[in-house]
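S.K.: Here you go, one structure.
The values are calculated or read from the model by the stated rules, or taken from the named source; none is laboratory data. Just so it is clear, the structure is predicted and the values come from calculations on it, not from any experiment. Glycine also receives a Cβ, built like all others from the backbone with ideal geometry; neighbour counts cover every protein chain displayed.
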Amino acid sequence: MKSRPHVLHDDGQRRLAVLIDADNAQASVIEGLLAEVAKYGLASVKRIYGDFTTQQQAQWKKVLLKHSITPVQQFAYTSGKNATDSALIIDAMDLMYTGRFDGMCLVSSDSDFTRLAQRLREEGLTVYGFGERKTPDPFVQACDKFIYTEVLRAEAPEPAPAAKPAAEKPAAKPKPAPEPAPTPAPPAPAEPPAPPAKAGPLPVPLDLLRQAIEEASDDEGWANLGAMGAYLNKIKPDFDPRLYGQKKLSDLLRKHPKHFSVIERESGGGGKTLYVKALG
């Protein structure tokens, strides 16, 4: 099989293609999602796939221009069948063979993209998956890195308490009037749907963290934090400190001083490197 060409980038930035399955992703996470993608490289292609003639995609239509995302309209060929997946997979393969990309970001909670992720990795691309916690494990494991979108959703501001009405003087008692005929009460206005609740932090996987430290440690039991994090991503692509209530791996380890010790050591060039050791 003919191998795909590979283009070297003079600016040193990794080129990424972001492909979004609108049927299995929420528009409310798009800002956090693109900020997360920026940590791994430059999103030079951003496409979203779905049937934007339906009401289900109304929220996506509001954010496409703002974030320069190209919509790919895909009508359902048969009622009850989803043609979006096929369109996304075809485009992903076409982009892969251009050789212009170092990685792809697949935004979906659908396990139908498992084989696509495997195929992209076979060609040497780094695959970043984005989906909800309900995402089936085969798709999660097929990615180099998987980020749950619950940790990317912006916090909703708390509603301000309603002001109490000022006390009014009692009005003069009116004279009784004949009671009018009862009229039916107007229907109550429909309440807007509540925003999805942000899931709470998960229990900290202490055994997994100890295993990663052991695999990356020296003879004295100290492990370079960067090497430990790289090992965690290899054995558990969906590992993310934000799932456990902390922004960084170092913060997560420092949060549990009974189990882990974190120190700084001088490194070349006057910098400092973090090392961690399992206790007990």
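S.K.: Conditions: (1) surrounded by 10 or more Cβ atoms within 10 Å (Cβ to Cβ); (2) farther than 20 Å from SER109 by Cβ; (3) at pLDDT below 60. ALA216 meets all but one. Number of the miss?
M.R.: (3)
S.K.: How many of the residues making up segment 40-58 are within 16 Å of VAL107 (Cα to Cα), of a type in the set (S, T, N, Q) and either without any contact (Cβ under 8 Å) to a residue 12 or more places away in the chain or in a helix (DSSP H, G or I) (or both)?
M.R.: 1
S.K.: All but one of (1) of a type outside the set (Phe, Trp, Tyr); (2) outside any helix (DSSP H, G or I); (3) modelled with pLDDT of 90 or more hold for VAL37; state the number of the condition that does not hold.
M.R.: For VAL37, the failing item is (2).
S.K.: Could you grab the pairs with beta carbons closer than 8 Å, sequence gap of 6+ or different chains, first residue in segment 97-120 and free of Cβ contacts under 8 Å to residues at least 60 places away in the same chain, second one of a type outside the set (S, T, N, Q) and in a strand (DSSP E or B)?
M.R.: What qualifies is LEU116/LEU106; ALA117/LEU106; ALA117/VAL127; ALA117/GLY129; LEU120/MET104; LEU120/VAL127.
S.K.: Going through segment 21-34 one residue at a time, which ones are touching a Leu at 6+ places or on another chain (Cβ under 8 Å) and either hydrophobic (A, V, I, L, M, F, W, C) or closer than 23 Å to PHE75 by Cα (or both)?
M.R.: ASP21, VAL29, LEU33
S.K.: Looking only at residues in segment 243-280 that are touching a residue at least 60 places away in the same chain (Cβ under 8 Å) and within 28 Å of the chain's Cα centre (by Cα), which one is surrounded by the fewest Cβ atoms within 10 Å (Cβ to Cβ)? Give the steps one after another, and end with the answer.
M.R.: Quick first cut of segment 243-280, residues touching a residue at least 60 places away in the same chain (Cβ under 8 Å) only: 243, 276-278.
From what's left, within 28 Å of the chain's Cα centre (by Cα): 243, 276.
Details: LEU243: 21, VAL276: 24.
Filtering segment 243-280 for residues that are touching a residue at least 60 places away in the same chain (Cβ under 8 Å) and within 28 Å of the chain's Cα centre (by Cα), the one surrounded by the fewest Cβ atoms within 10 Å (Cβ to Cβ) comes out as LEU243.
S.K.: Applying the selection to segment 223-277, what residues are among the basic types (Lys, Arg) and under 24 Å from PHE130 (Cβ atoms)?
M.R.: Selection gives LYS234, LYS236, ARG242, LYS247, LYS248.
S.K.: Among residues belonging to segment 117-141 that are buried (at least 23 other Cβ atoms within 10 Å of the Cβ) and part of a helix (DSSP H, G or I), point out the one that is nearest to the chain's Cα centre (by Cα).
M.R.: By that ranking, first place goes to PHE139.
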